[in-house]
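Chemist: Before I ask anything, here is the structure I am working with.
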Amino acid sequence: MSQWREDVPTEGSVHLPPDAHALDGIGRNHSLETALADLIDNAIDASATEVVVRFVQRQGKLRSLYLADNGHGIAPAEIDSAMTVGGRRDYHRGSLGKFGLGMKAASFSQARSLTVLTRTPDGVASGRRWHLDSAADFRCDIVAPEFVMEEVDRDWGFKSSGAGGRTVIRWDDVTGFTATDDRDRVQSFLTATITKILNHLGLVLHRFLAKGALRVFVDVEDVDRGAIGARFEAEPLNPFGYHHPGNPGYPKILTAKRDGMSLNLACHIWPGRSKLAAFKLPGGAIERQGLYFYRADRLLHAGGWDGLTVADPRLQLARIAIDITDDIAGLFSMNPEKSRITVGPDFAHLIEAARSADGSTIGDYLRDAESTYKRSRERSRDRRKMLPPGKGFEPSLKRAIGDEIPFVDGEEPVDIRWRRGDGLDFFVVDRESRTIWLNDRYRQSIIGEARGGLNDAPLVKALLYLLIEDVFRGEYLGAKDKDNIALWQEVLTAAVRSQLARSTRQ
C-alpha cells in the first residue's frame with residue numbers, strides 16, 4: 001500500500017471558464033451527508049458497485065476526506081468537462097446527475113480544495129484539482145500522473161473490480177471538520193458524523209443497497225500508524241420496511257391520468273407504535289409522514305405533504321411512495337442538492353383525481369391511516385401496568401419500555417444488578433430491595449468481548465424484567481409465584497451454563 005501524502009503534486013494548469021448554465025442550480029444547502037450522497041450518485045452513474053468514504057487522520061487531527069468508487073472512471077477527454085463549473089455531460093435515461101454542478105457544488109459546500117483522480121478500465125489515468133483560493137481565474141490544476149496512480153491504487157478494500165476503473169475524490173481543508181487534535185474529541189466527532197452519514201445514505205440509497213447493486217463503506221485511516229480502522233457499512237433504511245401493514249387493505253396503488261401521463265401513488269400505512277428505525281427515521285415519525293419521491297430508485301424527498309394536507313400526529317402512519325419517471329418529470333422540480341422536490345400547480349388536482357382499483361381516493365386513504373393510528377393507541381391503553389425499570393437498564397431501553405408499557409404510579413422501580421453468587425443459580429429474586437441479582441460468574445459469557453458496566457446485557461435484562469417483574473407485587477410470594485421462579489431458575493441456569501461451556505470451548 002502506498003504511503004499517504006499530504007501535498008498533491010501538480011504539473012501545470014488548464015483554463016476552465018464556467019459554462020453558461022453555471023448559475024442554474026448552484027446551492028449551498030448541503031450537509032456533509034447530502035454532499036456525499038450527491039457524489040455517490042455520480043459513482044452509480046459510472047456503474048460502481050462499491051463506494052468507500054474515508055476520513056484521514058494525522059497527528060490526531062482530521063486532514064482529508066476521500067470518496068472512492070470502482071466505476072468505469074473518467075476518460076482524459078472528459079475530465080475537463082467534469083471539472084467545469086456547470087459543465088453538462090450527456091445524461092442518459094435514469095441518470096442521477098442533472099445540473100452539471102453536483103460534484104463541484106457538493107464538494108465546495110464542504111471543502112476548499114477538490115481533487116479528482118481517475119483511471120479508466122484500460123489503465124489511463126488523469127487528475128484535476130480545484131482550490132477556491134486560486135480559482136478566481138478558473139484555472140484548474142493538472143495533477144501529476146504518478147500521484148494519480150498512487151491515490152487510485154491505495155488500499156480501498158474493494159471486493160470486486162466493478163466496472164473496471166476507479167475514481168477517487170479527495171477533499172482537503174474540509175470546513176466542517178473539528179479543529180481539535182484531542183483524540184477523544186475527534187473520536188466523538190467521528191462517531192456522531194459517521195452515524196449521520198450511514199443513516200442518510202442508508203435512507204436515500206436504500207433501494208440500491210437492498211438489491212445488492214451497491215455497497216457503501218465508511219472507515220478512518222490513521223496516517224501516523226499506517227493503519228485503516230474498522231469499516232462500517234451502510235444498511236438499507238427502507239421507509240416502507242414494515243413487517244406487516246397497519247391496515248390489511250394496504251399498500252394500495254392510486255393512479256391519476258392526465259394528458260397521456262400516468263401518476264402512481266403507492267399508499268402505505270405503518271403499524272401503530274412501531275419501534276423500527278425505518279419508521280422513526282431521523283427527525284421522528286411525525287415529521288416523516290407524507291410523500292416520498294424517488295427518481296431512478298434514488299430517494300430525493302422523505303416526508304411532508306406539499307400542500308396536499310397538513311402534518312398531524314394522527315397521520316404519522318401514512319407514507320406515499322411516488323416514482324418520478326421522465327414522462328412525468330415536468331410536474332416536479334428538484335433542488336440541486338437532491339434533497340427536496342417541489343410540486344407544480346397541477347399536482348394537487350392530480351392527487352385528488354387519483355383512484356385505486358376499488359375506487360378509493362386520497363381522502364379515503366388518509367381516513368384509514370388516521371383510524372389505524374387511533375386503534376393502535378386504544379390497544380396500548382389496555383395493557384397491564386407494570387413496575388418501572390430502575391438501575392441496570394440503559395436509558396434508551398427504559399424509554400422503549402415506557403413507550404410500550406404503562407407504569408404503576410408511586411412504586412419503586414425494579415433493579416437488575418450483577419453480584420458474585422455462592423452457587424450456580426443464574427439469578428436471585430430479592431423482594432426486599434426489589435432487585436433481580438444476576439450471578440457474576442456468567443457475565444462474560446453473556447456480554448462476550450464487550451466491556452462490562454452497570455447497563456450491560458440489555459437483551460437479557462429486558463427479558464428477565466418482562467418475565468419476573470410481577471413477583472415483586474403483593475406482600476408475599478404465593479405458591480404459583482414460587483413455582484414459576486423455580487421453573488425459570490432451572491431453565492435459565494441450564495441455558496446460561498450451556499452458553500458458558502460453549503464459550504469456554506471456543
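The numbers here are math on the coordinates, done by the rules we state, and not lab data. Keep in mind that this is a model prediction, so the values were computed, not measured. Here the Cβ positions follow ideal geometry from the backbone for every residue, glycine too, while neighbour counts run over all protein chains shown.
Chemist: For the stretch 395-505, what class follows from the C-alpha gyration tensor (a ≥ b ≥ c being the square roots of its eigenvalues): rounded when a/c is under 1.5, otherwise prolate if a/b is larger than b/c, else oblate?
Modeler: Numbers: a/c = 2.04, a/b = 1.29, b/c = 1.58.
Verdict is oblate for the stretch 395-505.
Chemist: Give me the extension gain from residue 182 to residue 451: residue separation times 0.36 nm, minus the current Cα-Cα distance, reported in nm with one decimal. Don't jump to the answer; show the numbers that get you there.
Modeler: On the way: separation 269, 0.36 × 269 = 96.84 nm, distance 2.31 nm.
Contour length minus the Cα-Cα distance gives 94.5 nm.
Chemist: Could you sort 346-355, 5-14 so that the peptide with the highest average Cβ count within 10 Å comes first and the rest follow in order? Don't jump to the answer; show the numbers that get you there.
Modeler: Working: 346-355: 16.7, 5-14: 12.5.
Going by the mean number of other Cβ atoms within 10 Å, highest first, we get 346-355, 5-14.
Chemist: In Å and from the alpha-carbon atoms only, list the Rg and Dmax of the stretch 252-380.
Modeler: 14.7, 47
Chemist: Next question, about the same structure. Please identify the trypsin sites (Lys or Arg not before Pro) of the stretch 401-464 that satisfy two criteria: DSSP loop assignment and at most 12 other Cβ atoms within 10 Å. Which are they?
Modeler: Working: sites: 417, 419, 420, 431, 434, 441, 443, 451, 461; in loops: 420, 431, 434, 451.
Those satisfying the criteria are 420, 451.
Chemist: Do any trypsin sites (Lys or Arg not before Pro) in the stretch 210-245 lie in a DSSP loop with no more than 12 other beta carbon atoms within 10 Å, and if so, which?
Modeler: Working: sites: 211, 215, 225, 231; in loops: 211, 225, 231.
Counting only loop positions with at most 12 other Cβ atoms within 10 Å, the trypsin sites (Lys or Arg not before Pro) in the stretch 210-245 are 211, 225.
Chemist: OK, next. Tell me what the chain gives for mean residue ellipticity at 222 nm when only DSSP H runs of n ≥ 4 count, each as -39,500 (n - 2.57), the sum divided by the residue total, rounded to 500 deg cm²/dmol. The partial results should precede the final answer.
Modeler: Details: 13 runs with 148 residues, N = 506.
It comes out at -9000 deg cm²/dmol, rounded to the nearest 500.
Chemist: Calculated FRET efficiency, residue 374 and residue 286, Cβ-Cβ r, R0 22 Å, to nearest 0.05? Please list the in-between numbers first.
Modeler: Details: r = 15 Å, r/R0 = 0.69.
It comes to 0.90.
Chemist: What's the exposure ranking of 464, 424, going from fewest to most Cβ atoms within 10 Å?
Modeler: Numbers: 464 21, 424 12.
If I rank by nearby Cβ atoms, fewest first, I get 424, 464.
Chemist: Further question on the same structure: Sorted from fewest to most neighbouring beta carbons within 10 Å, what does the list 119, 314 look like?
Modeler: Working: 119 24, 314 16.
Lowest count first: 314, 119.
Chemist: Moving on. Can you spot the aspartates and glutamates whose alpha carbon is less than 13 Å from residue 461's alpha carbon? Ignore those fewer than 8 places along the same chain.
Modeler: Here the aspartates and glutamates satisfying the reach criterion relative to residue 461 are 394, 415, 469.
Chemist: Kindly flag which residue pairs out of 280/398; 196/252; 275/391; 104/338 have an alpha-carbon separation exceeding 25 Å in this structure.
Modeler: From 280/398; 196/252; 275/391; 104/338, over 25 Å: 196/252.
Chemist: How compact is the chain by the rule of thumb for globular proteins, expressed as Cα Rg over 2.2 N^0.38 Å? If you can, show how the numbers build up before the last one.
Modeler: Numbers: Rg = 28.0 Å, N = 506, 2.2 N^0.38 = 23.4 Å.
Scaled against compact globular proteins, the figure is 1.19.
Chemist: So which aspartates and glutamates can residue 211 reach, going by Cα to Cα under 14 Å and dropping same-chain residues fewer than 8 places off?
Modeler: Partners within reach: 50, 235, 297.
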